[in-house]
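Written below as structure tokens is the structure these notes are about.
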Amino acid sequence: MEDKDSSGNKEEVVQVGKYGIFFKRPYQILYMLNDFLIGLIFLVGSFFFMYESLKMAGCWLFAAGSFLLLIRPTIRVIHDINYKKYRNQ
């Protein structure tokens, strides 16, 4: 069954009894949480670079933020793989 979310985008809904599984929603939450963490980590890392004693911690925060940037496409790939597996069953 196909439904539209509040922004008009289509999302798959599978009815299981009286419940519906929304494929898009959990991955959107992970995606937004990841984006928020990326922004927060880069912001704090930028402030750390203003102080000589915190520059090393700032470098580590930038490395962590870069790692989270790699997770963004990974979330989408995992969603696509799981969705495709479900549709083929």
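Since every read-out is calculated from the coordinates, none of them should be taken as a lab result. Since this is a predicted model, take the numbers as computed values, not measurements. FYI the Cβ positions are ideal-geometry reconstructions off the backbone, even for glycines, and counts take in every protein chain you see.
Key figures for this structure:
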| read-out | value |
| --- | --- |
| Phe67 paired with Glu52, simple spin-label distance in nm, labels 7 Å along Cα-to-beta-carbon | 2.9 nm |
| Which of Ser46, Asn82, Ile71, positive extreme of dipole for segment 38-89 (C-beta unit charges) | Asn82 |
| Extension gain, Met32 back to Tyr83 (0.36 nm per residue minus Cα-Cα distance, nm) | 16.4 nm |
